[in-house]
Structures are given as structure tokens and as C-alpha cells.
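Since the structure comes first, as C-alpha cells, the remarks are kept for the end.
Throughout, read-outs are computed from the coordinates displayed, never taken from laboratory work. Please read all numbers here as calculations on a predicted model, not as lab measurements. Note: ideal-geometry Cβ built from the backbone for every residue, glycine included; neighbour counts use all protein chains shown.
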Amino acid sequence: MAALSSHPVAPAPTAPARASTRHLLLRAYCILLLFIALATTFWFNLLGAVGLAILLGATTTVTLVIWIVGRIPLGWRRLPWFALAYVAWAAASIIWSSWRDATAITWAALAITTLQGVFLAVALSWRGLVRAIASALKWVMGLSILFELWVSLVVQAPILPNFLLWSGQHEAELYWSRNNLLDGGRIQGIVGNAHLLAIAALVAIIVFAVRIASGASRRPALYGWIALSAFLLWRANSATVWVTGAAVLVVFATVWLMRRAQDPGARTRAYAGFAAVGVVGVGALLVLREPILAALGKSDDFTGRTEIWQAVLARAAEHPVIGSGYSTPWLPWVPQFDGWIVVNGLTVFHAHNMWLDVLMQLGIIGVVLLALALLSLLWRAWFFAVDRPRFDLVATRPYSAVAVLPTLLATVLLVQGLMESRPLMEWGWMFIVMLVCKLKQTPLVDVGPREERGSPHSRRERQAEARAAAAASATAVAAPASDAAARRP
């Protein structure tokens, strides 16, 4: 007969590592970091420049303390070295910079963003990182719709940063919210900018869709978040983001077809076909540029961007090799930028093209370093998405839905960078560093350290992905057999 003993032979049960208070606090802090990066302009409008600087300094200190005290491992040989070389070159530009104060201030922000990106990559597993990004985006989407509802139903008037209700007329770009939710105009959300809200909504749709495809729990709620993000994307109505979304769909279709290819020859034919389609597509865009721009609500000069680009190219020609000095964004109170390029009565603070921005600031050397950093991201992300997980002789492991995310996010950043300089700052640069570092530190999902293999939640997601992959494989095998049977006399 069994008896209750005061001396059990097994240790007392404990919570899984991912359910411990320590890990939950770490995950909550990572969500805060991602939210700050995704909604930097929200914090600027709420706290001002000084308050934002204090917030960034505080989070940097906390990150370093967590990293050191928690002894979070870091593979030094697998750091994003090209991205770090770009940061180092930006720091060196203070020697010859034409605006040294702006270089020092903005480089400090770049260094903080880079540090936080590396920290996020090593602190969380792949699935934990995706969950944290999704949680941060839920805060951005949810607070954006609540903020716009509050402005339209309670304030009933446009508001300026710091919740000021100044009398008189101001430039539309100055308003935090223009009170457009109920009148059909473009809304700006908590980020205070329609384009930033639209790109965040697009990223949210991508991340939530990946979470659903990976078998996450509470999928009906994720469908609701996708619907809210789609509504905000529609109401923000950014032409650049519509084009970016189309590019994401093309890349996703390419990844899907590559995963279905049964042999290297099929992939080669697919690559050739996509290359031909790309050439034809670019040609069609050049020929039909005017009607396409008209349909997107843009003028032939891309809403004044060509004038900005010409001015930036003229200044870049002064120091084409090393540039005039790092400053991303352009600080409007610096004499060299104040009144240099003015649009709608306001000084422009970036070149609306990341390549031209880098060319002016860091010259050809900076452009090469940025191109190498992005090429490293694209190369690793692409094969991370289209190749089966392989670390031994087994070559039939199922694909992971999580593995598609880096490629889709890299597409967003590259296409956005053609019309905006945002990929060089805030969440754009953080995601570049974070994704490259994560791809190098942990090149496989759910394989590696105990933290990467995951909790019961990860196992449930892996099992759901495996079932979906097995069903797709069975369908692919059954289809040729049924065709052959149909052809028999």
C-alpha cells in the first residue's frame, strides 16, 4: 500500500523555465523595447525630446544590467559584423562631419538601437521573439484606434504633441492627430504620422498571420487583430505601403512555390521564371508610371520627392567618398539643415530614400557597408525561409512558418527604403540588426539551446506545423497518383 513520505525520491516540481517569473519579466521588458522602437514618435509627442532621451538612456542601462547579471550568452563570432561596421563608420564620420553636434547626438541613438537589436536577438528564442513582436504591435494597433476614438469622440478637435490644443492654424504635419477618424480622412494613430501607422499595420498583419500559421493559441483573437490592422492600414492610406504590401505578396508567393519545388531543377526554373516576371514588371512600371501614380494619389514627382533627391545629390557630390557626416535623422535646429529643404512650410528631416541619405552622410563607403549589411540579411533570410531545417542527415523535416518572417520583414524594409529613410532609424534599423544577428546566432528554429527548443507552447506550435506540413506533403503525393489513375484506360 502506498504511503505518503516526507522524503520523496524526486525533486519537487517546478515551473518550466519559460513560465518562471524571471523569464516572464524578461519577455515583458523585450515587449517594452519593441514598443518603444515601433512607436518612437509616440514617446516623442508624449514626453518631448528630453523625455525621450531619458527613456532611451534608462532602457539602455536596464538592458546592460540584465545582460550582465543574467549572463545571457552571446556568440561573438556570429555578430552582424557588416551592420556593426556601418555603425563604426558613422562614428568615425564625426572627425570630418560638417555638423558634429548632430552626428554625436544621432549616432548615440544609432548605437542604442543597435545594442537593443542585438540584445533582443540573443535574449529570446525565435518563437519568443515573434510573440514579443506581435505583443508590441498589438499595443501599437490597440492604442492607435483608442487614441483616434478619444480625439474624435471626446476632444472633437485636432491636437498637437503633448496634448496641446493651441488656437489658430498650424501645418497639418505638426498635429499628433487631425481628428479624421469620423470624417473619412487619413488617420495617424499614436505614432502621429499616417505613413508610420500604415507601415506598422502592414508589419502587424504579417506577424499575426505568421503566428496563426505556426499554430498559435487564441487564433480567433489574432484574426481580430488582423482585421483591426487592415482597417488602420486602409484608413492611413499610404501609397508607399500599398506598393510594399504588393511586394510582400509577391515574395510570399515565391517562397511558397520554392517550398513546393521537388528538386533543384524545379527551383532553377522557378528562379528563371520569377526573374522574367520581375523584368517585365519593372518595364510595365516604367511605361505605366503616370497612371499607376495617379491611382495611388501621387504626382509625377512622387509628391515633391524628386526635388528633395536633387538637393541631396547636390550635397552628396561635395564629398562623394566619405560623405559630409552622419545625421539620421537631420536635426532641424542645426544650421546646415534648418531651412535647407522646406516642404509645406516645414524643414525636411530625411531624404525620403535611404540610399541617397547614406550617400550624402557617409559617402560611397557608407553605401557599400549598408548594402553588405542588407545583403547579409537577405541572403540568410531567403534560405532560412525556402530550405528545410537541416543539421544532420535527415532532409525531410517540415518547414516552419516562423522561418518566413525574416524574408517578409526584409522585403518591407527594402521597399520602404526606396521612398523613406526610416529603415535607417528607430524600429527599421533595430529590425535589421536583430534579424541578421538572430539568423547568425540561431540559424534553425527550435534547434539549439534549451531556451530555443522552447516551452509546451512551442511544442504545441511545432506539432501544429508538423501536422500541416504532413497534410500538405500527403496532398502533393496523392495528386500525381490520382492523375495517373485517371489517365489509365
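Using alpha-carbon positions, what is the distance between the centroids of region 126-159 and region 193-221, in Å?
What the calculation gives is 13 Å, centre to centre.
Between GLY323 and residues 5 or more places away or on another chain, which pairs have amide H atoms under 5 Å apart, with H built 1.01 Å from N, and which residues are they?
Amide H neighbours of GLY323, under 5 Å, 5+ apart: GLY363, ILE364.
Under a crude label model (7 Å from the Cα following the beta-carbon direction), how far is ARG260 from LEU64 in nanometres?
Result for the modelled spin labels: 5.2 nm.
Please list, in order along region 136-146, the HN-Hα scalar couplings obtained from phi with the Karplus expression 6.51 cos²θ - 1.76 cosθ + 1.60 (θ = phi - 60°), rounded to whole Hz, x for Gly and Pro.
With the stated coefficients, region 136-146 comes to 4, 5, 4, 5, 5, 5, x, 5, 5, 5, 5 Hz.
Pull up all non-local amide H partners of VAL343: gap of 5 or more, or a different chain, and H-to-H distance under 5 Å with H placed in the peptide plane.
Those lying under 5 Å, H to H, from VAL343 are VAL348.
Quick one: which residues, 5+ away or cross-chain, put their amide H under 5 Å from the amide H of ILE159? H built at 1.01 Å from N.
Close amide H contacts, sequence-distant or interchain: TRP176, SER177, ASN179.
Over every pair of different alpha-carbon atoms in region 171-289, take the mean of 1/r and invert it; report that Kirkwood radius in Å.
16.9 Å
Be a star and scan region 84-127 for residues whose amide nitrogen sits under 19 Å from the point 7 Å along the Cα-to-Cβ vector of ALA49.
Residues 98-113 fall inside that zone.
Which value, in debye to the nearest 20, gives the size of the charge dipole of region 120-252 about its Cα centre, when Lys and Arg are +1 and Asp and Glu are -1 at the Cβ?
The calculated dipole for region 120-252 is roughly 640 debye.
If you take all C-alpha pairs in region 61-186, what percent of them are over 27 Å apart?
Cα-Cα pairs in region 61-186 separated by more than 27 Å: 50 percent.
Within region 79-187, which GluC sites (Glu not before Pro) sit in a loop by DSSP and count at most 15 neighbouring Cβ atoms inside 10 Å?
Passing sites in region 79-187 are GLU171.
Assigning unit charges at the beta carbon (Lys, Arg +1; Asp, Glu -1) and nothing else, what dipole magnitude in debye, to the nearest 20, does region 188-286 show about its Cα centre?
For region 188-286, the charge dipole is close to 280 debye.
Sort largest first and round to whole Å: the equivalent ellipsoid semi-axes of region 101-258, each the square root of five times a Cα gyration tensor eigenvalue.
Semi-axes, largest first: 30, 22, 16 Å.
Quick check on the exposure proxy: order GLU307, GLU318, GLU426, GLU420 from fewest to most C-beta atoms within 10 angstrom.
Least crowded to most crowded, the residues run GLU318, GLU307, GLU426, GLU420.
Give me the three principal axis extents of region 82-127 from the C-alpha atoms, as integers in angstrom, largest value leading.
Dimensions of region 82-127 along the principal axes of its Cα atoms: 44, 19, 9 Å.
By how many nm would the segment from LEU444 to ILE94 lengthen if fully extended, with 0.36 nm per residue of separation less the alpha-carbon distance?
So the chain would gain 122.1 nm between LEU444 and ILE94.
Kirkwood hydrodynamic radius for region 337-384: how many Å is it when counted over pairs of different Cα atoms?
With all distinct Cα pairs of region 337-384 included, I get 12.6 Å.
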